[in-house]
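Inspection log for the structure reproduced underneath, given as structure tokens.
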Amino acid sequence: MSAVMVVHGGAWAIPHDLAEASVDGVKVAACEGFSVLQRGGSALDAVEAAVRALEDNTVFDAGHGAVLNADGEVELDAIIMDGRTLASGAVSSVNNIANPVSLARAVMEKTAHVLLTSRGANLFAESIGMATVPGDTLVTENERKAWRKNKNFATEVMEDFNCQWAHDTVGAVAVDSAGNVACATSTGGIRNKMVGRVGDSSIIGAGGYADNLIGAVSCTGHGESILKVTLARLILSHIEQGKSLADASQLSLQYMGDRVRGAGGAIAVSPSGQWAATFTTERMAWSAVDHDGLWYGLDPNERLKEQLSQ
Ligand code: ASP
């Protein structure tokens, strides 16, 4: 069985000045995750490593580089899920953790719960000795400027998401050489969101889902729409019923567009090593590594390939 790693850097109208950095960022993260798989690591280890790389890259709206809420603060959401056991861990509205995906993994492995939010999540981080950082250190100068410029347009921003205002949430799915699948998703959400707003990314079945019997999915796009159609699980339901990964993703995104007028994107892998990267927004930065090489794209129908450097 050959291992596969797929990552996304968010679905939206990525502006030209961020295009190259977004594509470079997803390629690096996909290679990072794949190298974990090559060293015999599990799919779970690989998705955590890939998402950590994306959280550390300020180009993306996750961890360092996250967008700001209406009060000018970061509030981060993340999920991780292990397809072997359906174990899942998530955090929402955390503001002092550089790598929320690792805190989500700790919730999964060290508590009896699936999701910890806000103060409780921060207290849990302290209790397990996870390093905390002042929230301000996660904010980039560019984001601070963008927030100042747009802070009076919160409502419009939320309604205009489908056109251009979405940001680059990150996610990863992987299958390891034993056929185990996993997913992880991490985000700062939507710029100027209400304080306390939680989107899809940390919600099991919406922002991500992984089941060894079917596959793994990580989503991006308009969180409120993704929540309404439970996008990750919807995609997996279509796969369960025999659709290909690409058709299942396309059908589900189409349904979200028709039913609740939401746009977005998703990446998926199956236990047998098939994979897909699909979106209905203008762009989505994505990259995959399989036995054939390194794949990547940004615009619709773009599917470029490079040999893997050894
Ligand atoms: N889904 C994320 C959210 O609504 C945003 C995104 O994917 O860009 O929080």
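In this structure, the pairs whose alpha-carbon distance is over 28 Å, taken from 243/305; 149/228; 151/228, are 149/228.
Taken along the Cα-to-beta-carbon direction at a fixed 7 Å, the label points for residue 291 and residue 2 span 0.5 nm. Ranked by how many other Cβ atoms sit within 10 Å of their own Cβ, fewest first, the residues 296, 209, 255 fall in the order 255, 296, 209. Equivalent-ellipsoid semi-axes for region 1-147 (Cα gyration tensor, √(5λ), whole Å, largest first): 24, 22, 11. Note on region 59-104: percent of Cα-Cα distances in each 10 Å bin, starting at 0 and stopping at the bin with the largest distance, equals 28, 47, 20, 5.
Would you mind classifying the chain by shape? Square roots of the alpha carbon gyration tensor eigenvalues, ordered a ≥ b ≥ c; an a/c under 1.5 is rounded, otherwise it is prolate if a/b is larger than b/c and oblate if not. Cα axes put the chain in the rounded bin. Legend: Rg and Dmax of region 244-295, from Cα coordinates, 12.1, 38 Å. Residues of region 202-219 with an amide N closer than 14 Å to a point placed 7 Å from the Cα of residue 178 along the Cα-to-Cβ direction: 212. Computed over region 186-310, the Cα gyration tensor eigenvalues convert (square root of 5λ each) into semi-axes of 24, 17, 14 Å, ordered from largest to smallest. Along Cα→Cβ, 7 Å out, is where each label goes; now give me the distance between the ones at residue 241 and residue 260 in nm to one decimal. Result for the modelled spin labels: 1.8 nm. Divide by every residue of the chain the summed helix terms, -39500 (n - 2.57) for each DSSP H run of at least 4, and state the resulting mean residue ellipticity at 222 nm, rounded to the nearest 500 deg cm²/dmol. Dividing the helical sum by the residues of the chain leaves -10500 deg cm²/dmol. The P(r) of region 1-76 has a tail past 15 Å containing 57 percent of all C-alpha pairs.
The numbers here are math on the coordinates, done by the rules we state, and not lab data. Because the structure is a prediction, the values reported are computed rather than measured. For neighbour counting, all protein chains shown are included, and Cβ atoms are generated from backbone atoms with ideal geometry for every residue, glycine included.
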